[in-house]
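The values are calculated or read from the model by the stated rules, or taken from the named source; none is laboratory data. This one's a predicted model, so the numbers in the text were calculated from it and none came from an experiment. Because the Cβ atoms are built from the backbone with ideal geometry, glycine has one as well, and the counts that use them run over all protein chains shown. Accessible surface is based on the protein model in full, side chains and every heavy atom, while ligands, DNA and RNA are left aside. Shrake-Rupley method; radii C 1.70, N 1.55, O 1.52, S 1.80 Å.
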Amino acid sequence: MTAARLHDRYPELGTGPIPVAPYIDPAYFELEKKYLFKNTWLHVGRVEELPKVGDYMLRNIPVLDSEIVIARARDKKLYAFHNVCSHRLNKIAYQPTGTTRKFFCKFHGWAYDLDGTLTGVPDEKSFMDLDKSCLGLTRVSVDTWNGFIFINANPAPDVSLKDFMEPVYAGFETYPFDKFTACYAWNAVVNCNWKVALDAFQETYHVNYLHGRSIAYALLKDEDGNLHPIDGICGDLHRRLSIAGDPDTVYGNPQAATAAAEQDVGVNQTGHRIAAKALKVAQGGTRYDLSGIKLPELLNWTKHPSWAFDINVVFPDFYLSCRPNYFQAYNFRPISHDKTLFEARVYYPEMVTAGGRFYQEYMKTALRDVLLEDLSTLETTQAAAATGAKQEMIIQDFELMVRHQAVAIDRLIEEGLRRDGQLQAAE
């Protein structure tokens, strides 16, 4: 009997079924909010969204029970704070994005600088013992990693963003995130637990079936027709999958539209001629010649000749899929125990030819359809889980990332409960 390729490397994760309860239990979700989301780094955007002093974005994050404002202040640094006025708790920011000199509460006119400092109080003399220096906006931690903006609701995080990312993602600095400035996006609220949604994106077992009419043909299969990842890595919290593709397809070619894609490629399946045309006419269509950029060693870490892309899942809910020619940044943001905001962003280099734009629009449509296929199973899965007909889910070897996520979440919750128990005992 052939030994399991991935699970044998991580015996601490076990090999048995995983419980369904964490996907449907509102009490478990409250524990996730407390011990995961309110004390970890969460991706909220990219620095290109806040290029100038005064630029800000407003992020409503239900799992934090908060709206968070992120702004670029006069010292060019980013600051983040709760969208709550210090006077009588109204808002100080009202639009999803904008540019401003100061933030003003519309209720009583209190004014705050871009770093959250309280600078103006109408009729200040009528307040008793008012110390403006103590009444700024309530800050949360903010930092960046390779141009991605992360916030942490804990103003004094246990772990810095650098230390949070480096155990699995050190060495990503040479990836050309800043060259991919053309972006398209979709948002959808899905009636499922956030883990149900994320699970659907961190394994390839489903691709032959769910994506049989879209992208399954473009990914490399073994001699039995199974679509297995090249390899997988599980860190303490984060995880990675490496995927192989067919370079004669638009989805499976990691060099599509870049100067490195010089071959006249064909198509290996009837019905995909438009895709083949998009791949051919896109060659050399980018503003930047990406062929000379040295990609990080941690991409395609096995050096597989048919490598297409790597999936990187940054704990808890950020999915980052990286290729040489574009990247996908998805968030699976919990709203409640059975409702998730799915935010999808896809970033490309700017195109300068008609062929390049045709390729980009084709990919926009193709990826939209793939996402619709992925989302199509989520609400039925959640409804089935809620029936209680099954208490456990069966996991195969190449669904290791689903298991890793479940084990990591359980561990953090148990550690948090243990800490709280010790504190209560001391009292």
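Whole-Hz Karplus ³J(HN,Hα) for the stretch 350-363, in order, using 6.51 cos²θ - 1.76 cosθ + 1.60 and θ = phi - 60°, x for Gly and Pro?
4, 9, 10, 10, 4, x, x, 5, 4, 4, 5, 5, 4, 5
Using only protein heavy atoms and a 1.4 Å probe, report how much of residue 40 is accessible, in Å² to the nearest 10.
10
At R0 = 41 Å, how high is the FRET efficiency between residue 21 and residue 289 if r is their beta carbon distance? Nearest 0.05 is fine.
Result of the calculation: an efficiency of 0.20.
Can you give the charge dipole size of the stretch 1-153 about its Cα centre, rounded to the nearest 20 debye, using +1 on the beta carbon of Lys and Arg and -1 on the beta carbon of Asp and Glu?
Roughly 440 debye, rounded to the nearest 20.
What do the square roots of 5 times the Cα gyration tensor eigenvalues come to for the stretch 313-355, in whole Å, largest first, as semi-axes of the equivalent ellipsoid?
29, 12, 5
For the stretch 87-101, just list the computed ³J(HN,Hα) in residue order, Karplus coefficients 6.51, -1.76 and 1.60, θ = phi - 60°, integers in Hz, with x standing in for Gly and Pro.
Values, residue by residue: 7, 10, 6, 7, 7, 10, 10, 10, 10, x, 9, x, 9, 8, 8 Hz.
Under a 5 Å amide H to amide H cut-off, with H placed in plane at 1.01 Å, what residues pair with residue 141 once short-range neighbours are removed?
Sorted by chain and number, the residues that satisfy this are 152, 154.
Amide H neighbours of residue 202 under 5 Å, counting only residues 5+ apart in sequence or on other chains, H built in-plane at 1.01 Å?
none
Any idea how far the Cα center of the stretch 282-343 sits from the one of the stretch 217-248, in Å?
13
What does the net charge come to around residue 410 if you take all other residues with beta carbon closer than 13 Å to its beta carbon, with K and R at +1 and D and E at -1?
For residues surrounding residue 410, the net value is -1.
Relative contact order for the chain: what is it in percent, counting Cα pairs under 8 Å that are at least 6 residues apart?
Value for the chain: 20 percent.
Place the peptides 193-203, 158-168 in order of packing, highest mean first, counting for every residue the other Cβ atoms within 10 Å and averaging per peptide.
193-203, 158-168
Does the stretch 49-118 classify as rounded, prolate or oblate by the C-alpha gyration tensor (a ≥ b ≥ c root eigenvalues; a/c under 1.5 gives rounded; else a/b over b/c gives prolate, otherwise oblate)?
Oblate, since a/c reaches 1.5 and b/c is not below a/b.
Structure shown: which of 76/294; 33/364; 76/339; 77/162; 77/339 lie over 27 Å apart, alpha-carbon to alpha-carbon?
Values: 76/294 29 Å; 33/364 33 Å; 76/339 37 Å; 77/162 17 Å; 77/339 34 Å.
Going by Cα-Cα distance, 76/294; 33/364; 76/339; 77/339 fall outside the 27 Å limit.
Compute the signed sum of charges (Lys and Arg +1, Asp and Glu -1) over the other residues within less than 15 Å, Cβ to Cβ, of residue 89.
+1
Short version: ³J(HN,Hα) in whole Hz for each residue of the stretch 328-340, in order, from phi by Karplus 6.51 cos²θ - 1.76 cosθ + 1.60 (θ = phi - 60°), x for Gly and Pro, what are they?
The phi angles translate into 10, 10, 10, 10, 10, 8, x, 9, 8, 5, 9, 8, 9 Hz.
Tell me the Kirkwood hydrodynamic radius of the stretch 1-118 in angstroms, computed as one over the mean inverse distance between distinct C-alpha pairs. Mind dumping the intermediate values first?
Values: mean 1/r = 0.0574 Å⁻¹.
For the stretch 1-118, inverting the mean 1/r across all distinct Cα pairs yields 17.4 Å.
Can you list residues from other chains, or at least 5 along the same chain, whose modelled amide H is less than 5 Å from the amide H of residue 149?
The list, which skips near neighbours in sequence, is 44, 45, 46, 47.
Which entry in [x] 21.6; [y] 23.5; [z] 34.9 is this structure's computed Kirkwood radius over Cα pairs in Å?
[y]
Among the aspartates and glutamates, which fall within straight-line cross-link reach of residue 38, defined as a Cα-Cα distance under 12 Å, with same-chain neighbours fewer than 8 residues apart omitted?
30, 65, 158
Could you pull out the chymotrypsin sites (Phe, Trp or Tyr not before Pro) across the stretch 55-121 that fall in loop regions by DSSP (anything but H, G, I, E, B) with no more than 14 other Cβ atoms inside 10 Å?
Working: sites: 56, 79, 81, 94, 103, 104, 107, 110, 112; in loops: 94, 107, 110.
Listed in order of number, the matching sites are 94, 107.
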